[in-house]
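What follows is a single structure, written as structure tokens, with notes after it.
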Amino acid sequence: MPDSRAVTENPAGSARQGFRGRTITTAVLLAAGLLASRLWLVEPVTVSSESMEPALPKGSTVLMFKPGPALGFLRAGDLVVFTSPEDGNPAVKRAIAFGGQTVAIEDSVLVVDGIAQAEPGIDHSRIDGTYFGPVTVPAGHVFVLGDNRAGSIDSRTYGSVPLESLQATVLWPFGR
């Protein structure tokens, strides 16, 4: 005689509960991974000025790669993010020269260590007649410029930026 107190098992119900548990675990792990990624790897930032036009129009969103500066792979021409000495907000500028290099602008042409630099993204007609320097970048610093040299507050105003002040390199620009 069967025991009336016995509970009958439903194999389909157990499978459903196991699937639901795995789905919740996966969702939690995915959320934790995305949060960790944003905290330590990548983060979007909005360009708040016209200083990087035409490469990055005001209102553009860029993806910052936070470990970039710490990895030591910075090159002239890379876009970097740091806290602006002017207003304390994140600033995106182009790395131009590093410690020991000499920087000048001669009639709108960027000159690094006496060599004119090719800058295809710069509209020289908008900054014709611009002169600056020469200055030597201190060791452990980077000289940064906005692409829109006529409308950019950059190292010409506040000096070279200490390398340890760099927060990120720009991984990917997105349009407006």
Per the filter on the range 56-76, residues surrounded by 15 or more Cβ atoms within 10 Å (Cβ to Cβ), modelled with pLDDT of 75 or more and under 21 Å from His141 (Cβ atoms) are Met64, Phe65, Lys66, Leu74, Ala76
Between Val142, Val170, which is open to solvent by 20 Å² or more (accessible area, probe 1.4 Å), of a type in the set (A, V, I, L, M), in contact with a Gly (Cβ under 9 Å, 6 or more places away or on another chain) and in a strand (DSSP E or B)?
Val170
When Gly129 is run through (1) in contact with a strand residue (DSSP E or B) (Cβ under 9 Å, 6 or more places away or on another chain); (2) not in a strand (DSSP E or B), the failure sits at (1)
Quick check on Asp107: is it surrounded by fewer than 19 Cβ atoms within 10 Å (Cβ to Cβ), touching a Gly at 6+ places or on another chain (Cβ under 7 Å) and at positive phi?
yes
Residue list for the range 114-134, filter: under 18 Å from Asp78 (Cα atoms) and more than 25 Å from the chain's Cα centre (by Cα)
Ala116
Are any residues in the range 84-132 closer than 16 Å to Val142 by Cβ and hydroxyl-bearing (Ser, Thr, Tyr), and if so, which ones?
Ser84, Thr102
How many of the residues in the range 94-109 are part of a strand (DSSP E or B), touching an Asp or Glu at 6+ places or on another chain (Cβ under 6 Å) and either of a type in the set (S, T, N, Q) or more than 16 Å from Gly121 (Cα to Cα) (or both)?
1
In the range 110-138, anything surrounded by 14 or more Cβ atoms within 10 Å (Cβ to Cβ) and of a type in the set (A, V, I, L, M, F, W, C) is listed as Leu110, Val111, Val112, Ile122, Ile127, Phe132, Val135, Val137
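The values are calculated or read from the model by the stated rules, or taken from the named source; none is laboratory data. Note that the coordinates shown come from a computational prediction; the quantities given were computed from them, not determined experimentally. As a convention, Cβ positions derive from the backbone with ideal geometry for all residues, glycine included, and neighbour counts pool all protein chains shown. Please note that ligands, DNA and RNA were not included when accessible areas were found on the heavy atoms of the full protein model with its side chains. Shrake-Rupley method; radii C 1.70, N 1.55, O 1.52, S 1.80 Å.
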